Each structure stands twice: as C-alpha cells, then as structure tokens.
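Enquirer: A single structure is presented below for examination.
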Amino acid sequence: MVKPLIEPFSLVLGGSSGIKPYKVRLERRLSDLRGFFHNRRLVEEKLSRGENPKVYEVYEVPQEPVSGHLSLASTVIFPGKVGDEYYFTKGHFHEKEDASEVYIGLEGEGIILMQNREGEVRHLRIGPNVVLYVPPGFAHRTVNVGSSRLVFLAIYPSDAGHDYGSIAETGFAKLVLEREGRPVIVDNPSYSE
Ligand code: M6P
Ligand code: ZN
C-alpha cells in the first residue's frame with residue numbers, strides 16, 4: 001500500500017477569498033500585466049500617473065507537484081477595463097501538455113478564452129453554478145465582463161505547471177472588448193502566430 005502523502009481536507013466556498021482556508025495569496029496589479037492589454041500606451045500612461053490598480057487575486061491551496069495530486073485555487077478578478085478592454089488573468093498553457101483544468105463559477109460574470117497551439121480559440125461563459133472543462137492543450141484566460149467581482153474555483157493537476165511565456169509572446173488571437181455596454185469578442189490585430 002502507498003502511504004498517503006497528506007490527510008483528506010475540506011474547504012468552504014464563498015467570502016472575499018472565494019475559498020477558506022487557503023495557503024498562498026497572489027495579487028496581480030496593472031504593472032504585472034504590462035504588455036498584456038492591447039492598448040499598451042494607455043497602460044503606460046496610467047502607470048506614469050501612479051495608477052496601479054489591483055486587477056486580480058489568486059488564493060491557492062497547492063499540493064506537491066507530483067502526479068496524482070490536484071491543486072485548488074480561487075481567483076477574484078475585479079471589475080474594470082483598460083480603455084475598452086475588460087480586466088483579465090494573464091492566461092497560460094500548462095507545461096504538462098496533457099493536463100486539463102476544471103473551473104466552477106462562484107460570483108459575477110465572465111468569459112473564458114481558450115486557445116490551442118494552432119491558435120484556434122474557443123470561448124465559454126462562466127458565472128455562478130457553471131462548471132467548465134478546459135481540455136488539455138488549451139491556454140486559458142478569464143475575463144471579467146460584469147460590473148462586480150468575478151470569482152471562480154479552479155481545480156488542476158498539481159504538476160500541470162504554468163507556461164506564461166507563449167501567451168506573453170503571441171497574445172491571444174481574440175480580445176474581449178466592451179461595445180455599447182456589452183462584451184464583444186473581436187480579432188486581436190496584434191496577434192502574431
Ligand atoms: C486559476 C487557475 C490558476 C491560475 C489563476 C490565475 O485560478 O488557472 O492556476 O494561476 O487562475 O491565472 P493566471 O495564472 O493565468 O494569471
Ligand atoms: Zn491552468
């Protein structure tokens with residue numbers, strides 16, 4: 001018999017952190033997302049005025065990065081935009097190409113952009129009671145398209161790894177922008193394959 005590495009545990013959903021208790025808290029501000037929003041000039045202008053708003057927070061319950069374990073994380077994306085582009089997470093591929101991920105919507109309204117290595121994009125809505133499957137091979141970015149916090153729980157293999165480099169280099173092929181008060185998905189003019 002293999003000796004279990006850790007004891008079973010449970011978490012409670014809800015509250016300001018989305019899950020409780022959590023182990024690690026990360027925050028991403030506008031300055032951490034330099035180069036990610038399509039209007040880079042506007043980002044630099046805001047930063048030079050001393051505006052560096054918090055875009056999202058991640059509350060993690062990570063496990064050892066070994067096969068068989070699952071890590072848990074809730075993400076809170078604040079409402080906001082840079083120009084007409086809604087706040088979003090950086091987005092990443094998994095370093096382990098066969099690692100998938102499940103998202104469970106807790107609060108607010110969002111769109112998950114998913115893009116494979118061929119640059120094909122899929123998108124799905126997330127919100128309370130939505131369970132969403134990100135298959136292996138798709139980079140994933142979450143966009144808050146509502147006027148309140150977007151909160152969701154993510155469950156993923158703890159050895160999945162985050163590859164941010166590919167997305168930082170090429171961007172996503174689609175942008176989620178506000179047009180007449182509603183989100184629209186448009187081609188990213190600066191996407192490079
Ligand atoms: C979800 C999961 C996490 C991820 C977080 C923020 O909770 O996918 O693994 O870290 O969103 O997304 P990103 O790492 O792309 O900034
Ligand atoms: Zn992931």
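The values are calculated or read from the model by the stated rules, or taken from the named source; none is laboratory data. Please read these numbers as outputs of a predicted model, since none were measured by experiment. Backbone-built Cβ (ideal geometry, glycine too); neighbour counts: all protein chains shown. SASA here: full protein model, heavy atoms, side chains in, ligands and nucleic acids out. Shrake-Rupley method; radii C 1.70, N 1.55, O 1.52, S 1.80 Å.
Conditions tested, residue by residue: (1) touching a Phe, Trp or Tyr at 6+ places or on another chain (Cβ under 8 Å); (2) modelled with pLDDT of 95 or more; (3) open to solvent by 50 Å² or more (accessible area, probe 1.4 Å).
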position: GLU51; (1), (2), (3): no, yes, yes
position: GLU60; (1), (2), (3): yes, yes, no
position: SER71; (1), (2), (3): yes, yes, no
position: ASP84; (1), (2), (3): no, yes, no
position: PHE88; (1), (2), (3): yes, yes, no
position: GLY91; (1), (2), (3): yes, yes, no
position: VAL121; (1), (2), (3): yes, yes, no
position: LEU124; (1), (2), (3): no, yes, yes
position: GLY127; (1), (2), (3): no, yes, no
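Enquirer: Sticking with this one: Can you name the residue in segment 17-49 that is part of a helix (DSSP H, G or I) and not aliphatic (A, V, I, L, M) and is also surrounded by the most Cβ atoms within 10 Å (Cβ to Cβ) among such residues?
Expert: LYS46
Enquirer: Still on this structure, I have one more. Take GLY68 and decide whether it is more than 16 Å from ligand 2 (Cβ to nearest atom) and either farther than 18 Å from VAL12 by Cα or among the hydroxyl-bearing types (Ser, Thr, Tyr) (or both).
Expert: Spelling it out, GLY68 is indeed more than 16 Å from ligand 2 (Cβ to nearest atom) and either farther than 18 Å from VAL12 by Cα or among the hydroxyl-bearing types (Ser, Thr, Tyr) (or both).
Enquirer: Considering segment 92-127 alone, what residues qualify as being at positive phi and within 16 Å of ligand 2 (Cβ to nearest atom)?
Expert: none
Enquirer: Tell me which of these ILE167 doesn't satisfy, since it passes every other one: (1) more than 15 Å from LYS96 (Cβ to Cβ); (2) within 14 Å of ligand 1 (Cβ to nearest atom); (3) open to solvent by 30 Å² or more (accessible area, probe 1.4 Å); (4) not aromatic (Phe, Trp, Tyr).
Expert: Checking ILE167 against (1) more than 15 Å from LYS96 (Cβ to Cβ); (2) within 14 Å of ligand 1 (Cβ to nearest atom); (3) open to solvent by 30 Å² or more (accessible area, probe 1.4 Å); (4) not aromatic (Phe, Trp, Tyr), the one that fails is (3).
Per-residue answers, yes or no, for (1) out of contact with any strand residue (DSSP E or B) (no Cβ under 7 Å at 6 or more places or on another chain); (2) part of a strand (DSSP E or B); (3) aromatic (Phe, Trp, Tyr); (4) touching a residue at least 24 places away in the same chain (Cβ under 8 Å):
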position: ILE155; (1), (2), (3), (4): no, yes, no, yes
position: ASP159; (1), (2), (3), (4): yes, no, no, yes
position: ILE167; (1), (2), (3), (4): no, no, no, yes
position: PHE172; (1), (2), (3), (4): no, no, yes, yes
position: VAL186; (1), (2), (3), (4): no, yes, no, no
position: TYR191; (1), (2), (3), (4): yes, no, yes, yes
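Enquirer: Additional query: Restricting attention to segment 142-150, does a residue exist that is in contact with a Leu (Cβ under 6 Å, 6 or more places away or on another chain), among the polar types (S, T, N, Q) and either assigned to a strand (DSSP E or B) or crowded, with 17+ Cβ neighbours inside 10 Å (or both)?
Expert: yes
Enquirer: Since PRO135 meets every condition but one in (1) within 12 Å of ligand 1 (Cβ to nearest atom); (2) open to solvent by less than 50 Å² (accessible area, probe 1.4 Å), which condition does it not meet?
Expert: Result: PRO135 passes all but (1).
Enquirer: State all residues of segment 155-164 that are open to solvent by 20 Å² or more (accessible area, probe 1.4 Å) and within 11 Å of ligand 2 (Cβ to nearest atom); if no residue qualifies, say none.
Expert: Answer for segment 155-164, where residues must be open to solvent by 20 Å² or more (accessible area, probe 1.4 Å) and within 11 Å of ligand 2 (Cβ to nearest atom): ILE155, TYR156, PRO157, GLY161, HIS162, ASP163, TYR164.
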